[in-house]
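Trainee: Sharing a structure with you now.
The values are calculated or read from the model by the stated rules, or taken from the named source; none is laboratory data. Note that the coordinates shown come from a computational prediction; the quantities given were computed from them, not determined experimentally. Every residue, glycine among them, receives a Cβ derived from its backbone with ideal geometry; neighbour counts consider all protein chains shown. The accessibility values were calculated without ligands, DNA or RNA, using every heavy atom of the protein model including side chains. Shrake-Rupley method; radii C 1.70, N 1.55, O 1.52, S 1.80 Å.
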Amino acid sequence: MTEPITCSNQRWYPSFHVAAPGGWINDPNGLSFFNARYHAFYQHHPYSPQWGPMHWGHASSEDLAHWTNEPIALAPGESGDDDADGIWSGSAIEHEGKLFAFYTGNRWVNGQDDGDGKYQAQMLATSSDGIHFEKYGTVVPAVAADARDPKVFEHDGRFYMTIGADVDGRGQVLLYSSADLYTWEEEGTLFEDPDPNVFMIECPDFFPLGDKWVLVYGPMVKQPVRTGYFLRNGHNAGYVVGDWSPGERFVPDTSYRPADWGHHFYAPQSFTAPDGRRIMIGWMGEFAHALASQEDGWSGQLAVPRELSLNDDLTISSSPAREISTRFGEPNTESHALQANEKIEAGSFGPAMITVRIDTEKEVPLQVPTCEQVELEFTQGNQAPTRLVLDTQALRAHFIYGAGNGAGRGYRSAPWTPGEQLVILVDQGSFEIFIGDGTNTLSSLDQSGEGARSLAVTAVNGPADVTVSIAELA
Ligand code: FRU
């Protein structure tokens, strides 16, 4: 290990998402507003585009839309320290003018790899400027071989920490509490995933939204789920909504629902902006497959910050943080009345925010089929297009890779109802699709073609009115 590596080819490197200058990133960590700036730390291996001894990388922003890379915030400790083999995921909270960062210190028991086991302790580092950190040490010793990702929040004048754990083969969230952030008391199990197939919970995030409590987490499963549209990825994030008061277990009112339906949205973490908005950021990357960008010396980006709100049916809606639209210029809007099987070119663009409105309810004579699908084809050069297929029969939006994505292929699918508009954030190597009011989103990397994308729209088997607005990165 010598110098951190940097991205050697910009073809898929994001233009408006947080990414490291080079190397590997995974989970967002320590999301916070401190010292007049937003902070996004992230799991980072600066020396190769593969996962390795974790650091906390860092980017900061004045407005959630323009991000500046900051120096690496935390690096593994000395041999024998609880964080000797990695600074794993965690969170940050402001207290008495300092930023308190809580993370999992990882130590391989044999000093090399997880062959003889791992020791995961919850640790603290503090900062006066949000950039430079001083390590304090372990605040919660290891309670299980897998017990990690401390998320700290304040409620009714007391601090709480959730930890995701494997407790005797069941996925649990454990709760701790503290008056001063240094001394922590065990409060017991906050939640156990009712599914015995779930043996471990990663990256729990527990927060109030509306008049409810939301628990977001990544369930690790013993057996892959082989049917249905959900839990298709190596790592999947979702949420349950319910009630909680201190001293009690969390009581969910809902079953587990995806936080996003795409290939790449994991370990989302949220925090409160100064104006009270609940903002969530997820990781777009892969543990299960190689990504094409690894050839270029980097892997993984953070999804754009999303504003969350709770709906009456206890689903959560998310939309791109409103500041993000300031990154894009005036939209170019065109409307088309498509006949059955007519295909139109809707434009060509670099990174952009695209809004698509579709009306498939046009009157047709009884014998004539109504529109079955509206197909959006995104093409780069000679590549097979990546397609977004809006299916009026399945009532879903299917995102289908044409040319693959490193080793990852296949498609993902989110609920969609005719009439629901789509807001699509396209960066050089990614798509984030917000459907309707954002109750369903679909986020996937797309590292296949290079350069500008063109969009073609087809009304399959029946007519459709289509309006496309394209606002390119300013
Ligand atoms: C989830 C995760 C966390 C862990 C981190 C290590 O993506 O496995 O549970 O803290 O990544 O990089």
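Trainee: Of (1) assigned to a strand (DSSP E or B); (2) in contact with a Pro (Cβ under 9 Å, 6 or more places away or on another chain); (3) of a type outside the set (S, T, N, Q), Phe230 satisfies all except one. Which?
Mentor: (1)
Trainee: Which condition number does Ala145 fail, the rest of (1) assigned to a strand (DSSP E or B); (2) within 16 Å of the ligand (Cβ to nearest atom); (3) out of contact with any Cys (no Cβ under 7 Å at 6 or more places or on another chain) being met?
Mentor: In the conditions (1) assigned to a strand (DSSP E or B); (2) within 16 Å of the ligand (Cβ to nearest atom); (3) out of contact with any Cys (no Cβ under 7 Å at 6 or more places or on another chain), Ala145 misses (1) alone.
Trainee: Under the condition of being open to solvent by 60 Å² or more (accessible area, probe 1.4 Å), within 26 Å of the chain's Cα centre (by Cα) and more than 15 Å from Phe34 (Cβ to Cβ), which residue from the stretch 68-106 is nearest to the ligand (Cβ to nearest atom)?
Mentor: Filtering first and then ranking leaves Ile72.
Trainee: How many residues does the stretch 421-445 contain that are touching a Leu at 6+ places or on another chain (Cβ under 9 Å) and open to solvent by 10 Å² or more (accessible area, probe 1.4 Å)?
Mentor: Result for the stretch 421-445: 1.
Trainee: Can you tell me which residues in the stretch 292-333 are touching a helix residue (DSSP H, G or I) at 6+ places or on another chain (Cβ under 9 Å) and either open to solvent by 50 Å² or more (accessible area, probe 1.4 Å) or more than 30 Å from Arg278 (Cβ to Cβ) (or both)?
Mentor: Residues satisfying the conditions are Ala292, Ser293, Asp296.
Trainee: Out of everything in the stretch 19-35 that is open to solvent by 10 Å² or more (accessible area, probe 1.4 Å) and in a loop (DSSP other than H, G, I, E, B), what residue ends up being nearest to Ala290 (Cα to Cα)?
Mentor: Filtering first and then ranking leaves Pro21.
Let's see how each residue does on (1) in contact with a helix residue (DSSP H, G or I) (Cβ under 6 Å, 6 or more places away or on another chain); (2) part of a strand (DSSP E or B); (3) surrounded by fewer than 19 Cβ atoms within 10 Å (Cβ to Cβ); (4) of a type in the set (Gly, Ala, Ser):
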{"residue": "Ser335", "(1), (2), (3), (4)": "no, yes, yes, yes"}
{"residue": "Ile358", "(1), (2), (3), (4)": "no, yes, no, no"}
{"residue": "Leu388", "(1), (2), (3), (4)": "no, yes, no, no"}
{"residue": "Ala394", "(1), (2), (3), (4)": "no, no, yes, yes"}
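Trainee: Sticking with this structure for a sec: Return the pair list, or none, for Cβ contacts closer than 8 Å from residues in the stretch 200-221 that are of a type in the set (Asp, Glu) to residues that are outside any strand (DSSP E or B), at least 6 apart or on different chains.
Mentor: As it stands, the answer is Glu202/His235, since those pairs meet every condition given.
Trainee: Can you find a residue that is more than 13 Å from the chain's Cα centre (by Cα), within 16 Å of the ligand (Cβ to nearest atom) and under 19 Å from Phe431 (Cα atoms) anywhere in the stretch 255-277?
Mentor: no
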